[in-house]
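The values are calculated or read from the model by the stated rules, or taken from the named source; none is laboratory data. As the structure is a computational prediction, the values presented were derived from the model and not from experiment. Cβ sites come from the backbone with ideal geometry, for glycine too, and all protein chains shown count toward neighbours. Keep in mind that these areas ignore ligands, DNA and RNA; they rest on the heavy atoms of the full protein, side chains included. Shrake-Rupley method; radii C 1.70, N 1.55, O 1.52, S 1.80 Å.
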Amino acid sequence: FKGTVGVKKNVFQFQDLEGRFAGGRLQVGGGVDLAPGRLPRLDVKVALLDSRIAVYPFTYAQTRGTVTLKGDRLPYEIGGKVLVSQALSREKILDRKGGASRRVTKFSPETSGSRARESSWFSLAVQVEAPSGILVKNDLFDAELKAKVDLVNTVDTPRILGKAETLRGRLFFKNHAFQLESGEIEFNSRTVLNPKFDLNAKAEVKNTRITLAVSGELDKMKIGLS
């Protein structure tokens, strides 16, 4: 990091503080008010400049935007607005029997001991927008999406609320690749990652054009063929 940290009474003030972070850069401003007998008061603003951040279920998300860290009690809130230019998820969806992977639909990392205490320090309220560039490559999809969602819950167990739409790509079913024509995915739970979706795709198999419609939730999929 390069910059200036000023101290006045109990307040540490960040001025023109800049450094490298996750393959990109960040700029830090604001301050921290320290006083005996109480928790620190935080009012910190962080500008992310092309940093690649790993947030489940993504291997990475390349981000730009402003994140704030505020509060005078636990949990401190991490808020702000972030634009994602590119992201990649390789999280497997189906299990060996062809059903929804339990890790995907019921993902909830154990929090005990120091990790439980750490997760209670910070809550999430970050608005995330991705006009394109969200790549999903797994056992069910090879597709690009756009999304407008909120990142909520805690740093240790983040969740997504909002909607994503397919832009292009393929859906794999019964050893065949179907070209995606339309698709909408809705994330609506703070406790599990089990989105609702409505997908339509087409393929030609042995001179027969097949339309595939998939809807429902990951653990309760409805599949129609025509």
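Residue count for segment 44-55 under the criterion of being open to solvent by 90 Å² or more (accessible area, probe 1.4 Å) and at pLDDT 95 or above: the result is 1.
When Phe107 is tested against (1) modelled with pLDDT of 95 or more; (2) closer than 27 Å to Ile223 by Cβ; (3) in contact with a Leu (Cβ under 6 Å, 6 or more places away or on another chain); (4) not small (Gly, Ala, Ser), exactly one condition is not met: (1). One residue alone among Val136, Val126, Val214 is touching a Ser or Thr at 6+ places or on another chain (Cβ under 6 Å), part of a strand (DSSP E or B) and within 30 Å of Leu83 (Cβ to Cβ), and that residue is Val136.
Restrict the check to segment 40-47 and report whether at least one residue is closer than 22 Å to Ser123 by Cβ, touching a strand residue (DSSP E or B) at 6+ places or on another chain (Cβ under 6 Å) and outside any strand (DSSP E or B). Scanning segment 40-47, I find at least one residue that is closer than 22 Å to Ser123 by Cβ, touching a strand residue (DSSP E or B) at 6+ places or on another chain (Cβ under 6 Å) and outside any strand (DSSP E or B), so the answer is yes. Does Ala164 count as under 30 Å from Val205 (Cβ atoms), in contact with a strand residue (DSSP E or B) (Cβ under 9 Å, 6 or more places away or on another chain) and modelled with pLDDT of 95 or more? So Ala164 fits the description; yes. Examine segment 12-27 for a residue that is among the aromatic types (Phe, Trp, Tyr) and part of a loop (DSSP other than H, G, I, E, B), and state whether such a residue exists. No, the conditions are met nowhere in segment 12-27. Considering Val192, Val205, the condition of being modelled with pLDDT under 95 and surrounded by 14 or more Cβ atoms within 10 Å (Cβ to Cβ) is satisfied by Val192 alone. Beta carbons closer than 7 Å, at least 6 apart along the sequence or on distinct chains, pair a first residue in segment 212-226 that is touching a residue at least 12 places away in the same chain (Cβ under 8 Å) and closer than 14 Å to Asn194 by Cβ with a second that is surrounded by 15 or more Cβ atoms within 10 Å (Cβ to Cβ) and hydroxyl-bearing (Ser, Thr, Tyr) for Leu218/Thr105; Asp219/Thr105. Among the residues of this structure, Glu91 counts as one that is outside any strand (DSSP E or B), crowded, with 16+ Cβ neighbours inside 10 Å, among the charged types (D, E, K, R) and modelled with pLDDT under 95.
Against the definition (within 20 Å of Met221 (Cβ to Cβ), more than 18 Å from the chain's Cα centre (by Cα) and not in a strand (DSSP E or B)), how does Asp198 come out, yes or no? No: the conditions fail for Asp198.
Evaluating Lys146 against the criteria (1) in contact with a Pro (Cβ under 9 Å, 6 or more places away or on another chain); (2) at pLDDT below 95; (3) open to solvent by 70 Å² or more (accessible area, probe 1.4 Å) leaves one unmet condition, (2).
Listed by first and then second residue, the pairs linking a residue in segment 155-177 that is within 25 Å of Thr208 (Cα to Cα) to a residue that is basic (Lys, Arg) and open to solvent by 80 Å² or more (accessible area, probe 1.4 Å), with Cβ atoms under 8 Å apart and 6 or more places separating them unless they lie on different chains, are Ala177/Arg170. Given the criteria more than 30 Å from Phe173 (Cα to Cα), modelled with pLDDT under 90 and crowded, with 17+ Cβ neighbours inside 10 Å, does Phe21 qualify? Yes, satisfied. The residue that is nearest to the chain's Cα centre (by Cα), among those in segment 24-39 that are exposed (fewer than 15 other Cβ atoms within 10 Å of the Cβ) and within 18 Å of Thr68 (Cβ to Cβ), is Arg25.
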